[in-house]
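Structure first, then comments.
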Amino acid sequence: HLISTAEEARRPRVVTPFPAPRIMDLPQFQGEHKESLYWGTYRPHVYFGIRARTPLSLVAGLMWLGVKDGRYFIRHICQDSDDLSTYGWTSHNGRDFGHQVLVDQDMTLATSFLKYKEDDSGYGGDWAVRINVQNQGWNDEMQKNVHLFFYLAEEDGNALSLGGDTLDIHENSLLASGLRTGIGEWQLHLKSKADLEVHYSGLRTPHIHNLSDLVQENLASQLIRFNRLQLPDIYQSSSNILVFQISGRIPLETDIVFVSGAGENSRVEERISNLAGVSLTNQLNKKQREFDVKFESCFQLADKLDSNSIHVGKAAIANMLGGIGYFYGQSKISIPKNSNVKSHDDFLLYWPAELYTAVPSRPFFPRGFLWDEGFHQLLIWRWDLHISLDIVGHWLDLINIDGWIPREQILGAEALSKVPAEFVLQHSSNGNPPTLFLVLRDLVNGIKKNKFTASESNDIISFLQQAFVRLEAWFQWFNTTQLGKDVGSYYWHGRDNLTIRELNPKTLSSGLDDYPHASHPTEDERHLDLRCWMLLAADCMNSVAELIWKENKPEKDYSSTSYLLSDFDTLNQMHFDHASGAYFDFGNHTEKVRLSWKENMIGNNYVNRELVREVLERPELKLVPHVGYVSLFPFMTRIIPSESWILEKQLDLISNRSILWTNYGLRSLAKTSSMYMKRNTEHDAPYWRGPIWMNMNYMILSSLRHYSLENGPYRDKARAIYEELRDNLIRNVVQNYHQTGFLWEQYDQKQGKGKGARVFTGWTSLVLLIMAEAYNEM
Ligand code: 6A9
């Protein structure tokens, strides 16, 4: 995997891997660890899907026919427009068990997943899926039957064999079989007590990302020709896709069992019956109890919270783990400016890469996002350290020779099919907050405080030793490309300084998209959030170095950077505004901007009208007076000494209802800001200009908790605010969940209503850590 020198010479730097041993090649990620994570529900973009953590896998998935207003619809890929009233994992352990409930109109489907390895099993073991369908007071004849479609598809094109020409599952439960390198012979069986009809369709195509269309076309042509809603029972020669239509009357339950290593004398019959019927019920029940016990031992909520909240807490961790995906493919990278790269396309391809990662939202953003992932891991490491290390390792292996990691990972055709063209290309000038350091800092502190077993500590240390050069490169990337003019100043590079259509040019790389920085991007800017992220990074590098190198600390010294960035006086000189008691960005700025309609004419002919920005005053270099999440970064980073009057000022800003405080959490931008709830363009509604976001509230809450435990004059004040903010956040998310069936991307600051993407089970799930009062320690 290390590329040869000749190849390196031809390869543009931006798509050249960082030249160091991969983290995923560490022994801790091989052997039993790797095998134990082979099969899983790693296809978060579909309602239910299974694949292996290998580039070209045998994949499985479920579709069903939903009925709405007397019409049928294929349900398969998580789509908001399907309008399910709720869906998501109610339990999932990230490894061998999960239970999901989906409500589609009057129909409730439950999908359970169980994995089991026996001595006779092939690599990765066997698995079972239980599908249970219930109706809640249906009234329509059509709804008494349900049509499920369970499919298998070979991404590498291998042919799949059909169990028999006519599928009578009461005679013979075998649906399909095949052969795969690694796992040997395998078989798929259907076991059910219900009276089911099974039909099939075998297809051959390399494109498996539009399976819903294939099934829909198949069904439609049958409906037209024979007036029946049933797959044609046709098997194209060497089909690599098999779809089984399982139809029956509701209520209905069916088990689907996959056994690998299914050669002779491998006790296939016995293994299948162990994974179906009563025996499966027993195993699922046992796993469910284990999940509940582990949940309590990890988060200890039983004495703290009511059952409504605990229910949401469970959904949070279950969806975080159940949302973990495995992706494989090549990112598309825009050709860097000032490079002499020649390419036929307008992009370059990153090297083919695997990514095992959690995702922010199954229907909206079912792929990896760099800074989201750091927040996800704050939950995951507390549940399963080795899953977390595996995920962070995959991300750090994506670093290129310049120390850059693409922010959004769109790997493979399935992932690509979910992204509008204009968002696909990744720009190598753009960063994204290095939140993975939040996780690493937790792990280092956890070792210091003996939170881990000896073998876990060893794994973390060897991980960090292998990761260190990559982390250095990552740090260096920020510390060179994102530098500001003054010593110790940084700004997010790449803001558009030519645009006339934005009220305030966006800063997508910061992760806070439209949160207002200076009105006129220049090199004089100093961004408070990035400065604080750099402090976190330097501080973390320093403690990692101390932990893993002991006396032999390498030459590069992070303590001086960390010292410089945590210096209170310097911070105040560069960013503190005495008049308001707030911390601000610095830059070329005016408050006097507005959007107004401009009519475009050619001669006397009206062409169109557009919203453009008017600047009514010459911008000047000064502090940029927006109070909001960015101004709280020094507070979040705990640079402010606990006895300083400035701490009291921060507490006042936080708790002031006319500024940041609401009954549902803290606003992203103060009510008093000139950009508060302002649209950025005709089409861009306010996003980080008012609504409440959980990731930032979690960070602020962590610091409130910190100051409530430190000695100092404002300790009690911090405590009171902490308790109230925590209550507000939990109450509102729990209430929204019970009202709407979902966790949301953000919450509206006026009524607390969920906004943006639903089924946003990424950082909104941090509400569980807030329930558990599990925060980052420094
Ligand atoms: C748009 C449209 C189906 C925006 O949670 C992921 C990111 C965050 O990292 C970022 O901080 N979200 C936040 O401001 C969502 C980003 C979606 C961008 C891609 C594609 C697809 O529509």
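The values are calculated or read from the model by the stated rules, or taken from the named source; none is laboratory data. Everything numeric here is computed off the predicted structure, so don't read it as measured data. Neighbour counts are summed over all protein chains in view; Cβ atoms, including those assigned to glycine, are modelled from backbone coordinates with ideal geometry. The accessibility values were calculated without ligands, DNA or RNA, using every heavy atom of the protein model including side chains. Shrake-Rupley method; radii C 1.70, N 1.55, O 1.52, S 1.80 Å.
Observations
- Answer residue from the stretch 470-497, given it is of a type in the set (Val, Ile, Thr) and surrounded by fewer than 17 Cβ atoms within 10 Å (Cβ to Cβ) and is modelled with the highest pLDDT among those: THR480
- For the stretch 366-390, the set of residues classified as within 12 Å of the ligand (Cβ to nearest atom) and charged (D, E, K, R) consists of ARG367, ASP372, GLU373, listed by residue number.
- Of the residues making up the stretch 303-355, those that are over 30 Å from THR740 (Cβ atoms) and of a type in the set (D, E, K, R) number 6.
- Residue among GLN230, GLN222 that alone is touching a strand residue (DSSP E or B) at 6+ places or on another chain (Cβ under 6 Å) and over 27 Å from TYR328 (Cβ atoms): GLN230
- Test for PRO363: is it near the ligand (Cβ under 10 Å from one of its atoms), part of a loop (DSSP other than H, G, I, E, B) and in contact (Cβ under 8 Å) with a residue 60 or more places away in the chain: yes
- Residues located in the stretch 366-383, provided they are outside any loop (DSSP other than H, G, I, E, B), open to solvent by 10 Å² or more (accessible area, probe 1.4 Å) and touching a strand residue (DSSP E or B) at 6+ places or on another chain (Cβ under 6 Å): PHE369
- Between ILE500, ILE447, the distinction of being within 28 Å of SER702 (Cα to Cα), away from the ligand (no atom under 16 Å from the Cβ) and open to solvent by 10 Å² or more (accessible area, probe 1.4 Å) belongs to ILE447 only.
- Boolean, TYR123 is among the aromatic types (Phe, Trp, Tyr) and open to solvent by 10 Å² or more (accessible area, probe 1.4 Å): yes
- Only one of GLY581, GLY587 that is modelled with pLDDT of 95 or more and closer than 30 Å to SER708 by Cβ: GLY581
- Candidates are the residues of the stretch 555-566 that are open to solvent by 50 Å² or more (accessible area, probe 1.4 Å) and not aliphatic (A, V, I, L, M); the one that is farthest from LEU536 (Cα to Cα) is GLU555.
- Residues being of a type in the set (D, E, K, R), modelled with pLDDT of 95 or more and open to solvent by 30 Å² or more (accessible area, probe 1.4 Å) - total across the stretch 8-52: 5
- Residue match in the stretch 198-216 (condition: in contact (Cβ under 8 Å) with a residue 24 or more places away in the chain, touching an Asp or Glu at 6+ places or on another chain (Cβ under 7 Å) and open to solvent by less than 10 Å² (accessible area, probe 1.4 Å)): no
- GLU354 vs. criteria of a type in the set (D, E, K, R), surrounded by fewer than 22 Cβ atoms within 10 Å (Cβ to Cβ) and either within 16 Å of the ligand (Cβ to nearest atom) or in a helix (DSSP H, G or I) (or both): no
- If you check GLU472, GLU414, GLU456 for being among the acidic types (Asp, Glu) and within 16 Å of the ligand (Cβ to nearest atom), only one passes: GLU414.
- Checking each residue in the stretch 53-75 for being open to solvent by 10 Å² or more (accessible area, probe 1.4 Å) and part of a loop (DSSP other than H, G, I, E, B) picks out ARG53, THR54, PRO55, LEU56, ASP69, GLY70.
- One residue from THR507, THR570, THR561, THR480 being under 25 Å from the mean Cα position of the chain (by Cα) and more than 23 Å from MET24 (Cα to Cα): THR507
- Search result, residues across the stretch 759-778 that are open to solvent by 40 Å² or more (accessible area, probe 1.4 Å) and either within 13 Å of the ligand (Cβ to nearest atom) or on the phi < 0 side of the Ramachandran plot (or both): GLU777, MET778
- Across the stretch 87-105, a minimum of one residue is classified as more than 26 Å from LEU768 (Cα to Cα), open to solvent by 10 Å² or more (accessible area, probe 1.4 Å) and in contact (Cβ under 8 Å) with a residue 12 or more places away in the chain.
- Residue tally, condition open to solvent by 30 Å² or more (accessible area, probe 1.4 Å) and among the basic types (Lys, Arg), over the stretch 162-197: 2
- Annotation note: of VAL607, VAL630, the sole residue that is in contact with a His (Cβ under 8 Å, 6 or more places away or on another chain) and among the β-branched types (Val, Ile, Thr) is VAL630.
Rundown of residues vs (1) open to solvent by 10 Å² or more (accessible area, probe 1.4 Å); (2) closer than 30 Å to LEU411 by Cβ; (3) hydroxyl-bearing (Ser, Thr, Tyr); (4) outside any loop (DSSP other than H, G, I, E, B), yes/no style:
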| site | (1), (2), (3), (4) |
| --- | --- |
| THR281 | yes, no, yes, yes |
| LYS287 | yes, no, no, yes |
| ASP292 | yes, no, no, yes |
| SER297 | yes, no, yes, yes |
| SER309 | no, no, yes, yes |
| MET320 | no, yes, no, yes |
| TYR328 | yes, yes, yes, yes |
| ILE333 | no, yes, no, yes |
| VAL359 | no, yes, no, no |
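- With respect to the conditions (1) closer than 30 Å to ASN680 by Cβ; (2) surrounded by 13 or more Cβ atoms within 10 Å (Cβ to Cβ), ALA538 lacks only one, and its number is (1).
- Looking only at the stretch 490-507, residues that are closer than 15 Å to ALA537 by Cβ and assigned to a loop (DSSP other than H, G, I, E, B) come to 1 in all.
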